[in-house]
């Protein structure tokens, strides 16, 4: 439909001429650092001694520094199509799930504990949310969780 007609100039434009002149001047020049080995970066002694870790009161202990972890489990716990109940009182909800030494323990609302061999640490890690606090003693943790 529409055709563009390009006009070809017999001579290069003024901008093209300046570009060609500048290119010819810079052709044999190599910027410093190109083609040679990179220079060793200067080491700043001030930067090397900066402590960028959190202060101790803000650090979260790693899993190997904890004796165990605990989470509430309000709903009934169903394993292998069977609802888990306390062996002594028959409670089947409001559990505290304890993970310690690669074992899972269930604590009923009455305070009785039983080991649950059908659960493992991988299940606990998938099911537990982020820790909201750390406690020095087991009793402090129970109080924090309302037991």
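The values are calculated or read from the model by the stated rules, or taken from the named source; none is laboratory data. As the structure is a computational prediction, the values presented were derived from the model and not from experiment. With ideal geometry, Cβ positions are generated from the backbone for all residues, glycine too; neighbour counts draw on all protein chains shown.
Would you be able to tell me the number of residues in segment 94-147 that are touching a helix residue (DSSP H, G or I) at 6+ places or on another chain (Cβ under 7 Å) and at pLDDT below 85?
2
Quick check: is even one residue across segment 73-82 at pLDDT 70 or above, assigned to a loop (DSSP other than H, G, I, E, B), over 33 Å from the mean Cα position of the chain (by Cα) and loosely packed, with under 10 Cβ neighbours inside 10 Å?
Yes; the residues of segment 73-82 include at least one that is at pLDDT 70 or above, assigned to a loop (DSSP other than H, G, I, E, B), over 33 Å from the mean Cα position of the chain (by Cα) and loosely packed, with under 10 Cβ neighbours inside 10 Å.
Can you tell me how many residues in segment 121-137 are farther than 13 Å from residue 73 by Cβ and either surrounded by 13 or more Cβ atoms within 10 Å (Cβ to Cβ) or in contact (Cβ under 8 Å) with a residue 40 or more places away in the chain (or both)?
Qualifying residue count, segment 121-137: 4.
Report yes if some residue within segment 13-25 is surrounded by 10 or more Cβ atoms within 10 Å (Cβ to Cβ), in contact with a helix residue (DSSP H, G or I) (Cβ under 9 Å, 6 or more places away or on another chain) and at pLDDT 75 or above; otherwise report no.
no
Kindly establish whether residue 106 is in a strand (DSSP E or B) and surrounded by 15 or more Cβ atoms within 10 Å (Cβ to Cβ).
The answer is yes for residue 106.
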